[in-house]
Every structure is written in structure tokens, then in C-alpha cells.
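J.: I am attaching a structure below and will ask some questions about it afterwards.
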Amino acid sequence: MTPDTTQPTLPQGSPEDRFEVGIIVARRKLKGPWASHAWLPVAALPAAPQTAPWTQLSETEDEATFYAGAHEVSLHIAETAHYRDNLVSGRPSLWVTLHATGDETYAVASVTADPYEGESMAEGIGEIVEAVPMPPEVQAKLLAFFEAFHIERKFEKRKRDRADPEALARRAPGMQGKPE
């Protein structure tokens, strides 16, 4: 088996950069003429329980909830500022993507703690993307990862070079370097 080279190996004793969360989805009844129901991610559990995927958890007249299964959340050192933005937003969230697998069935395609990646996932067609509340245990893991690896980068505005007014001057044929 070849090692995963997409992300550098973290030093021994570092906070987790990968962990699993359990995803809860709901099937809600709709009143429109085009569809009878809609699927929607509604919650994340701080760890994957010992429950089979797609186990029904509850049911009311308007909604049934299911444990959709476990999915890995990967944290990346280059995105620590994004994780900070998520944590201080007032509503820390995980973005869950459900992908249609066939006739009225879905699978969890991805889960991310990066709000900007979550926003870009919502631009896809045919996938369901929803921000769900981040459990406090996951917030603690995200904060530990941020504190261990974040490096504040100072924003430096680039300065343009001054334009040379003679650079675009019209030149007579055969004259090199001197304007007319």
C-alpha cells in the first residue's frame, strides 16, 4: 500500500487531522405537486455510532429521521484561517453533501468544516448541501488543530510599477528607442 501524499504527515502528538462524524438526515414531506418529499442533512454526531447506515431513528407525520452513516472530516494546515472564521461565526457548522445514488436514494458524499469549501459545494447541480450545527466535541478538535498549526500571515498590498510614458510612444520606422 502506498502512503497518502496529499497531506504532509503531522508531528507525533499533534491534534487529529482526520476524524469521523455520524450524519443524521431527514426525509420531509412536501406539499407541492412535483415531489412528495425532500431529503435534508439535519445534524452531525461527534463520532460514528455502532448503528447500521440508514437506520430509521424517528418518524412523525411530516418527517422521518435516519442515521445516514459515518463520514470522515479532513483538516488541512493551509485552511486554518477558514476554520477560525467558522468557529467565530456565531454558528459553527459542518457542511454535508448528499449525492443521489439512484431512484430516490442518497449517500453522504462529503463533510467539511471549511465554510468556503462548503459554499463552493453548494454550487453543484443535483447534490443536496446543507450546513448543520457543529457538535461541541468537534469544535474542540477544530480549535486544537487551529491553535497547533495556524500561522497568521500579514496582508501586503502589492505596489504597481510606475508606467514609463515613453514605452508606448510612437516610433518612426527604422528608429530604435527614440520616439518621433
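The values are calculated or read from the model by the stated rules, or taken from the named source; none is laboratory data. Because the structure is predicted, anything quoted here is derived from the model rather than measured. Cβ coordinates were reconstructed from backbone atoms using ideal geometry, including for glycine residues, and neighbour counts include every protein chain displayed.
Matching residues to (1) closer than 16 Å to Glu16 by Cβ; (2) surrounded by 15 or more Cβ atoms within 10 Å (Cβ to Cβ); (3) not polar (S, T, N, Q):
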| residue | (1), (2), (3) |
| --- | --- |
| Val132 | no, yes, yes |
| Pro135 | yes, yes, yes |
| Leu143 | yes, yes, yes |
| Phe146 | yes, yes, yes |
| Ile151 | no, no, yes |
| Glu156 | no, no, yes |
| Lys159 | no, no, yes |
| Arg162 | no, no, yes |
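J.: Let me ask another. Might you check whether a residue that is surrounded by 14 or more Cβ atoms within 10 Å (Cβ to Cβ), at pLDDT 95 or above, within 13 Å of the chain's Cα centre (by Cα) and over 15 Å from Phe19 (Cα atoms) occurs anywhere in segment 107-115?
T.: Yes, segment 107-115 contains at least one residue that is surrounded by 14 or more Cβ atoms within 10 Å (Cβ to Cβ), at pLDDT 95 or above, within 13 Å of the chain's Cα centre (by Cα) and over 15 Å from Phe19 (Cα atoms).
J.: Restricting attention to segment 85-131, which residues are out of contact with any His (no Cβ under 9 Å at 6 or more places or on another chain), assigned to a strand (DSSP E or B) and among the acidic types (Asp, Glu)?
T.: Correct list: Glu130 only.
J.: Restricting the search to segment 61-84, which residues are assigned to a strand (DSSP E or B) and either farther than 19 Å from Ala35 by Cβ or out of contact with any strand residue (DSSP E or B) (no Cβ under 6 Å at 6 or more places or on another chain) (or both)?
T.: Tyr67, Ala68, Gly69, Ala70, His71, Glu72, Val73, Ser74
Listed here are the residues, each with its yes/no results for (1) of a type in the set (Ser, Thr, Tyr); (2) in contact (Cβ under 8 Å) with a residue 60 or more places away in the chain; (3) out of contact with any helix residue (DSSP H, G or I) (no Cβ under 8 Å at 6 or more places or on another chain).
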residue	(1), (2), (3)
Asn86	no, no, no
Leu94	no, yes, no
Gly102	no, no, yes
Phe146	no, yes, no
Arg171	no, no, yes
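J.: Here is a list of conditions, (1) touching a residue at least 12 places away in the same chain (Cβ under 8 Å); (2) farther than 19 Å from Leu142 by Cβ, and Ala35 meets all of them except one; can you say which number that is?
T.: Single failed check for Ala35: (1).
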